[in-house]
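Chemist: To start, I am sharing the structure in question, which I have written as structure tokens.
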Amino acid sequence: LSSPGKHGQSVHQFAVNYQMKNNGGEGYLRLMEFQANRRTVHIKTWSPWLKKHKTDAQNQFVIELK
């Protein structure tokens, strides 16, 4: 969800819950990698327990910051 902030900036909100999956969520974590250019954030979903990423569009994407 993106909402306008107090000063007109975009505020990005995430609510991710993998607990309904097998074994209490299979260890999935939402990772946010802030790029050095300060313009993009790369979002990935990773399970260290399964040693794999979720690669669909809802679990791996890029946010452009303004």
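The values are calculated or read from the model by the stated rules, or taken from the named source; none is laboratory data. Everything quoted here is computed from the prediction, not taken from an experiment. As a convention, Cβ positions derive from the backbone with ideal geometry for all residues, glycine included, and neighbour counts pool all protein chains shown. Side chains included, ligands, DNA and RNA excluded: accessible areas come from the protein's heavy atoms. Shrake-Rupley method; radii C 1.70, N 1.55, O 1.52, S 1.80 Å.
Chemist: Which residue pairs have Cβ atoms under 7 Å apart, sit 6 or more places apart or on different chains, and have a first residue in the range 1-17 that is part of a strand (DSSP E or B) and a second that is open to solvent by 100 Å² or more (accessible area, probe 1.4 Å)?
Modeler: Close Cβ pairs (under 7 Å, with a partner that is open to solvent by 100 Å² or more (accessible area, probe 1.4 Å)) amount to 10/4; 10/66.
Chemist: Any residue in the range 51-63 that is among the aromatic types (Phe, Trp, Tyr) sitting within a Cβ distance under 9 Å of a residue that is surrounded by 11 or more Cβ atoms within 10 Å (Cβ to Cβ)? List the pairs, counting only those 6 or more apart or interchain.
Modeler: Pairs that qualify, where the first residue is among the aromatic types (Phe, Trp, Tyr) and the partner is surrounded by 11 or more Cβ atoms within 10 Å (Cβ to Cβ), are 61/42; 61/43; 61/44.
Chemist: Still on this structure, please answer the following. Looking only at the range 19-66, which residues are at pLDDT 90 or above, assigned to a strand (DSSP E or B) and open to solvent by 80 Å² or more (accessible area, probe 1.4 Å)?
Modeler: If the condition is that a residue be at pLDDT 90 or above, assigned to a strand (DSSP E or B) and open to solvent by 80 Å² or more (accessible area, probe 1.4 Å), then 29, 32, 33, 34, 52, 53 are the ones that fit.
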